[in-house]
Amino acid sequence: MAKESVKQRNLNIEVLRIIAMFLIVACHATLHLPWLLHVDSNLDFLPGWKSALAYAVVQYGQVGVSIFFIISGYFLVRKAFVWQRIFKTWFQMFCYSFVSLVIVLIVARFVALPDSIAPLLSGDDPGSK
């Protein structure tokens, strides 16, 4: 009987990758959705626990980015370089981004978005207040 080659997944690395993704999402949510903690979107110094929590989340988000890139690099070093993989990844990113944009634009027609998000969809500079 022929043996099937089964790739073993390292559960520890997968869990660390998932934690890194959550840290990155939390960082982006804190920076771009300030209504979560009701702090200034520029993270200007405001005394209090909300500002301290926002700073902590953003800093751990940066740690999550580093962890995610290190894990990705570890697995990519073992693979041969193929141009097709770059184009496939770019195409997937483009498709997911386009679908996400369409969904947000459709939802924005029926649901009132927070004041901090509305300028992003209209093309206005959110920092020019």
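The values are calculated or read from the model by the stated rules, or taken from the named source; none is laboratory data. In this text the structure is predicted, and so the values were computed from the model without any measurement. Don't worry about glycine lacking a Cβ; one is built from the backbone with ideal geometry, like all the others, and counts go over all protein chains shown. For accessibility, only protein heavy atoms count, side chains too; no ligands or nucleic acids. Shrake-Rupley method; radii C 1.70, N 1.55, O 1.52, S 1.80 Å.
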* Asked: Which condition number does A20 fail, the rest of (1) open to solvent by less than 60 Å² (accessible area, probe 1.4 Å); (2) more than 19 Å from I117 (Cβ to Cβ); (3) of a type in the set (A, V, I, L, M); (4) at pLDDT below 90 being met?
  -> (4)
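Which count do you get for residues in region 23-56 that are within 15 Å of the chain's Cα centre (by Cα), of a type in the set (A, V, I, L, M, F, W, C), modelled with pLDDT of 75 or more and surrounded by 13 or more Cβ atoms within 10 Å (Cβ to Cβ)? Write out each step before concluding.
Quick first cut of region 23-56, residues within 15 Å of the chain's Cα centre (by Cα) only: 23-33.
After this cut, where a residue has to be of a type in the set (A, V, I, L, M, F, W, C) as well, the list is 23-27, 29, 31, 33.
Going one step further and asking which of them are modelled with pLDDT of 75 or more, we end up with 23-27, 29, 31.
Okay, now just the ones that are also surrounded by 13 or more Cβ atoms within 10 Å (Cβ to Cβ), so 23-24, 26-27, 29, 31.
So the count comes out to 6.
Tell me the residue from Q92, Q59 that is modelled with pLDDT of 80 or more, under 20 Å from the mean Cα position of the chain (by Cα) and surrounded by 11 or more Cβ atoms within 10 Å (Cβ to Cβ), please. Before you say what the answer is, go through the steps one by one.
Working: Q92 fails: surrounded by 11 or more Cβ atoms within 10 Å (Cβ to Cβ).
Sole residue among the options that is modelled with pLDDT of 80 or more, under 20 Å from the mean Cα position of the chain (by Cα) and surrounded by 11 or more Cβ atoms within 10 Å (Cβ to Cβ): Q59.
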